[in-house]
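Data block below; observations after.
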Amino acid sequence: IKIIFMSNKDYDKFEKKLLNILNSSTNAKQWSDLLPMTKEILSHLKKNENDIDFSKITTKHMLAKRLAQCLNPEFPNGVHEVVLDIYKILINNILITQDMQLMDNLALYASGLFPFFSHASLQNKTKFLNEIIKDNLLNINPDELTLCFPGLLASLIPGLDDNNDSTTKLIYQAFKDFTKKLTNQQTFYGSYWTLLLRNKHLRTSGIKYLLENIEKYSDLEKMSEEDRKTNIENYYPNINTTVVNALCEIIKDEDIPTVRNGMDFILTRFPLTKMNDIISDEAKINLLINALHLLVKNESSVVRRLNNWILGVTDTRDQVNYNDEDMKYKMNLVVEALKKIFDPGQKYSFEELLNNLKILEGFYENHGHTKCADFILSKISYSILKCVVNYWQTALNCSENVQKDEIISKTSNFFSKNKNNEFSGLL
């Protein structure tokens, strides 16, 4: 146990010198002016780390601000490396003197430290993971770790996108260590799914980790009932809300590889079958609504995944048994999803309704030759027509001159009496 024996007089002397060092950066015009300051701070802290409790220094707010500024991504790696050494000394000292707690100091220093990881060099990422995470933050009181964990996790996830095996292994190990420290996987994955739901920039790298570390549905089927229940509770906290909504946001992403990974996860973890009771029917419909919107993008690899999820085949020309009970179950879910997309109770703008009709076009282009198309589209005809009538009455003010309106034109195509029309299957 470290004993703090510095007198008030010496304590004031320490603070005064630290303040002078910090003030020396006021006139800094370039990074090279800051490097001597950071080295001097490091030297000053090293000299006094065995004599003073750094959690109690009055200049810590100014110190935290200067350190955060020195982690500017535009500054060279050498400056960052010295600053990380400073953080290491500060955190280690506070942990020892405060009985493995960081208290309010954690939020103070984390505001500059946590965001740094995403733009750090590979060398400094390794330093961060080994010397800040492994040697220090993993030693803090579990209650404090739980409080800071979402921010810490958010800082590490982007590192999974570096395609560097060494860094990835260290991050994976940190995640395992966090799980042990936090007592269970449920806390870890609860934070993880929440972060993917709320943070767009984490979804690309975040979904890759989930694909590699969460068992597929086919693996769950082989487990005992008890193990299966535990697995679901651990990996999918708040499954019908947080998890499903996070997946919906992932497949909405503009980045096609992210969407593909999202659809791969849905396809292999949440098959659209009656036997799959991991998620509710309402949650399946929610996923379907967002997945059907992918038809507007018409990206072939994504559409193949969508067809596989709905029909169980990647090519809609493959043989499908439409009399199968599972297939009937799927078709009813798709009907409910499309009814929500064409909700007569809502007022749609031109752009919204046009986009919905494009979903229908995309669906029919992929499934127009199948029995499911006739079944599904006949079930939602009323909803489509009611939405268009509402649009006609509000946006067009019941105008008789509607022949050139794109909404009316597209809808007319769906219900054309021309048997040669590609949409005549709706009749």
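The values are calculated or read from the model by the stated rules, or taken from the named source; none is laboratory data. On a predicted model such as this, the values are computed, not experimentally measured, just so you know. Here the Cβ is made from the backbone with ideal geometry for all residues, glycine too, and neighbour counts use every protein chain on show. Heads up: the accessible areas ignore ligands, DNA and RNA and are worked out on the full protein's heavy atoms, side chains in. Shrake-Rupley method; radii C 1.70, N 1.55, O 1.52, S 1.80 Å.
As a check on your grasp of the helix formula, calculate [θ] at 222 nm for the chain: sum -39500 (n - 2.57) over DSSP H runs of n ≥ 4, divide by the residue count, round to the nearest 500. Kindly include the intermediate steps, with their values, before the conclusion.
Numbers: 22 runs with 274 residues, N = 427.
It comes out at -20000 deg cm²/dmol, rounded to the nearest 500.
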Quiz item: What's the FRET efficiency of N332 with D219 using the Cβ-Cβ distance as r and R₀ = 22 Å, to the nearest 0.05?
Solution: 0.20
Self-check item: Accessible area of the chain divided out per residue, in Å², using a probe of 1.4 angstrom
Solution: 49
Practice problem: Heads up, I need the accessible area for W392: 1.4 angstrom probe, whole protein in place, Å², nearest 10. | Solution: 90
Self-check item: Average Cα contact separation per residue, the chain, under 8 Å, 6 or more apart, as relative contact order %
Solution: 9
Practice problem: Eight or more residues apart or on different chains, and alpha-carbon atoms under 16 Å: count the Lys pairs in the stretch 256-368 matching that. | Solution: 13
Self-check item: Fully extended contour minus Cα-Cα distance, from N240 to E254, at 0.36 nm per residue
Solution: 2.7 nm
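Expressed as a whole percentage, what fraction of the accessible surface of the stretch 78-120 belongs to carbon and sulfur atoms when a 1.4 Å probe is rolled over the protein heavy atoms?
Roughly 54 percent, rounded to a whole number.
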Quiz item: Largest first, how would K229, K347 line up by accessible area (1.4 Å probe)?
Solution: K347, K229
Practice problem: Report, to the nearest 10°, how far helix 203-213 tilts away from the longest principal axis of the Cα atoms in the chain, using its own Cα long axis and a range of 0 to 90°. | Solution: 90
Quiz item: How much of R305 can a 1.4 Å solvent probe reach, expressed as accessible area in Å² and rounded to 10?
Solution: 50
Quiz item: Of C387, C398, which has the most accessible area with a 1.4 Å probe, and how do the rest follow in descending order?
Solution: C398, C387
Practice problem: Work out, step by step, the length gained on full extension between K39 and D277: first 0.36 nm times the residue separation, then minus their alpha carbon distance; give nm to one decimal. | Solution: 79.8 nm
Quiz item: So how far, in whole Å, is the C-alpha centre of the stretch 98-122 from the one of the stretch 234-301?
Solution: 34
